[in-house]
Amino acid sequence: MRFTPKEKLAIQLALEQRVFNLERNVADWEGEDVAEDCKDLLVEAKSALKKIKEG
């Protein structure tokens, strides 16, 4: 799928915010099961952010 430069920027900004929030959630909930779920989501969000920056 092709995105316009403005769409790519919007996606990138949203993903950066998502990564930031997930990193905070992992720190806040350390030791609880939900922190593990956030870690999984964080990996996926970072991967998506890397892809949008590269392409």
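The values are calculated or read from the model by the stated rules, or taken from the named source; none is laboratory data. These numbers come from a predicted model, not from an experiment. No Cβ is skipped: glycine too gets one built from the backbone with ideal geometry, and neighbour counts run over all protein chains shown. Please note that ligands, DNA and RNA were not included when accessible areas were found on the heavy atoms of the full protein model with its side chains. Shrake-Rupley method; radii C 1.70, N 1.55, O 1.52, S 1.80 Å.
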Leading residue by the ranking (farthest from A14 (Cα to Cα)) among those in the range 24-53 that are touching a helix residue (DSSP H, G or I) at 6+ places or on another chain (Cβ under 8 Å) and among the basic types (K, R): K39
task: Examine the range 31-39 for a residue that is of a type outside the set (A, V, I, L, M, F, W, C) and on the phi > 0 side of the Ramachandran plot, and state whether such a residue exists.
output: yes
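This table checks each residue for (1) open to solvent by less than 70 Å² (accessible area, probe 1.4 Å); (2) outside any helix (DSSP H, G or I); (3) at pLDDT 95 or above.
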{"residue": "L15", "(1), (2), (3)": "yes, no, yes"}
{"residue": "F20", "(1), (2), (3)": "no, no, yes"}
{"residue": "E30", "(1), (2), (3)": "no, yes, no"}
{"residue": "E44", "(1), (2), (3)": "no, no, yes"}
{"residue": "I52", "(1), (2), (3)": "yes, no, no"}
- request: Give me the pairs, please: first residue somewhere in the range 38-52 and closer than 10 Å to R18 by Cβ, second residue anywhere and among the β-branched types (V, I, T) and assigned to a helix (DSSP H, G or I), beta-carbon distance under 9 Å, and either six or more positions apart or on two chains.
  value: L42/V19; L42/V26; A45/V19; K46/V19; A48/I11; L49/I11; L49/V19
